[in-house]
Amino acid sequence: MGEKIKLEHGAGGEIMEELLRDVILKTLTLKSAGGIGLDALDDGATIPFGDKHIVFTIDGHTVKPLFFPGGDIGRLAVSGTVNDLAVMGAEPIALANSMIIGEGLDMEVLKRVLKSMDETAREVPVPIVTGDTKVVEDKIEMFVITAGIGIAEHPVSDAGAKVGDAVLVSGTIGDHGIALMSHREGIAFETELKSDVAPIWDVVKAVAETIGWENIHAMKDPTRAGLSNALNEIARKSNVGILVREADIPIRPEVRAASEMLGISPYDVANEGKVVMVVAREYAEEALEAMRKTEKGRNAAIIGEVIADYRGKVLLETGIGGKRFMEPPEGDPVPRIC
């Protein structure tokens, strides 16, 4: 027998990248519908349609426990798909929902998840227009697979960063992954640490309406493998270096404390309600102000810039003035969180 699939193959880091490049992309042959296709390994695909583009994305969601501080698998599923559309510059138009449910799951659990999905979809707003339900004998509780379509006038990829651009993040980093891990490990804080899970179309739209889509050069949804993986993907695909300053990256004190207790870097864990955005330098302050005017972007920050050196790499300037590479993790250090 050959190599076996491991948890790390689906964790969003370097090992997953190898699976995508060496197995999936090399096996499939029809991978584009005329726009950004599977080979780009972006947050979705684009399909030219007249003078606009349909953006299409799909994501599987698995989290343990199903309900966690700040959210649940239903809010996670809707937010994750909406955010994949948003970071490609697409206004969400419709979602599809497929649920794989383990036999024996309490019906009230299903109703709670569906109610949460409905509330999150109304927040965008985006309708859930079609779906599928399967019940299996395995004791899996529930997996939720959501697909989404959106319309983009000016699609944004994660490969368009240019030297001199500014790098922004829309809020505090590491909230989702560290909240779940702290919850599992029973770490208590005076104020409960909550996941950031939320749809972020309103944040992206606010920036685009302020500075124009053409001045947003790259975006990424820093989910699995976190900020470090998102920045490294942008740097590698854009063939640029990225320098970020540790002092400027917003992190909640509770997240920092829990990270140290657990031996996990907050840069390496999933976020479910944030956007990493690369914009033309002259529009950085306007973009930041637009983010901060939204409820979900009030803790936004400019964290660095795109540089000509160290192409394909991310440099982290530490609090004491030194520099080190911010390497992407091999896999997500917190399993079953998105």
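The values are calculated or read from the model by the stated rules, or taken from the named source; none is laboratory data. Quantities reported herein were computed from a predicted structural model and do not represent experimental measurements. With ideal geometry, Cβ positions are generated from the backbone for all residues, glycine too; neighbour counts draw on all protein chains shown. When the accessible area is computed, the model is the full protein with side chains, heavy atoms only, and any ligands, DNA or RNA have been set aside. Shrake-Rupley method; radii C 1.70, N 1.55, O 1.52, S 1.80 Å.
Distance between the C-alpha centers of the range 229-304 and the range 142-181? Whole Å please. Comparing the Cα centres of the range 229-304 and the range 142-181, I get a distance of 10 Å. Would you work out the relative contact order for the chain, in percent, from Cα pairs under 8 angstrom that are 6 or more residues apart? Result for the chain is 23 percent.
Oblate is the label for the range 165-325, because the ratio a/c of its alpha-carbon gyration tensor axes (a ≥ b ≥ c) is 1.5 or higher and a/b is not greater than b/c.
Entry comment: accessible area of the chain is 45 Å² per residue, from protein heavy atoms only and a probe of 1.4 Å. Close amide-amide hydrogen proximity is noted between Glu330 and Glu14, each under 5 Å apart and 5 or more residues distant or on a separate chain (H modeled in the peptide plane; Pro and chain starts excluded).
Using C-alpha pairs below 8 Å separated by at least 6 residues, the relative contact order for the range 165-325 is 44 percent.
Of the whole protein surface, Thr57 contributes about 10 Å² of accessible area at a 1.4 Å probe radius.
Remark: the Cα gyration tensor places the range 7-152 in the oblate category, a/c being 1.5 or greater and a/b not exceeding b/c. Here the range 246-301 is assigned +1 on the Cβ of each Lys and Arg and -1 on the Cβ of each Asp and Glu. Its dipole about the Cα centre then comes out at about 180 debye. By the rule of a C-alpha distance below 24 Å, with chain neighbours fewer than 8 residues away ignored, the lysines paired with Lys293 are Lys194, Lys205, Lys220, Lys274. Phi-derived couplings, Karplus 6.51 cos²θ - 1.76 cosθ + 1.60 at θ = phi - 60°, listed residue by residue for the range 216-233: 9, 8, 7, 9, 8, 8, x, 8, 4, 6, x, 4, 4, 5, 4, 5, 5, 5 Hz, with x used for Gly and Pro. Basic side chains Lys and Arg get +1 at the Cβ, acidic Asp and Glu get -1 at the Cβ, and with that the dipole of the chain about its Cα centre reaches some 160 debye. How much net charge surrounds Val244 when only other residues with a Cβ under 12 Å from its Cβ are counted (Lys, Arg +1; Asp, Glu -1)? Around Val244, the surrounding residues sum to 0. Put simply, the amide H of Ile251, placed in the peptide plane, has neighbours under 5 Å in Ile173, leaving out anything fewer than 5 places away on its chain. Among the GluC sites (Glu not before Pro) in the range 93-162, those placed in a DSSP loop whose Cβ has at most 11 other Cβ atoms within 10 Å are Glu103, Glu137. Can you classify the chain as rounded, prolate or oblate using the Cα gyration tensor, where a ≥ b ≥ c are the square roots of its eigenvalues, rounded means a/c under 1.5, and otherwise it's prolate if a/b beats b/c and oblate if not? Judged from the Cα gyration tensor, the chain comes out rounded (a/c under 1.5).
Remark: the range 180-187, residue by residue, has Karplus-estimated 3J(HN,Hα) of 5, 5, 5, 4, 5, 8, x, 7 Hz, where x stands for each Gly or Pro and the curve is 6.51 cos²θ - 1.76 cosθ + 1.60 at θ = phi - 60°. Applying the Karplus relation 6.51 cos²θ - 1.76 cosθ + 1.60 with θ = phi - 60° to the range 149-166 yields 3J(HN,Hα) values of 10, x, 10, 10, 7, 9, x, 10, 9, 9, 10, x, 5, 10, 3, x, 5, 9 Hz, where x marks Gly and Pro. For the set Arg184, Arg245, Arg292, the ranking by accessible area, highest first and with no ligand, DNA or RNA atoms included, is Arg292, Arg184, Arg245 under a 1.4 Å probe. Paramagnetic label reach from Lys205 (point 7 Å along Cα→Cβ; backbone nitrogen cut-off under 18 Å): within the range 55-92, residues 55-56, 78-92.
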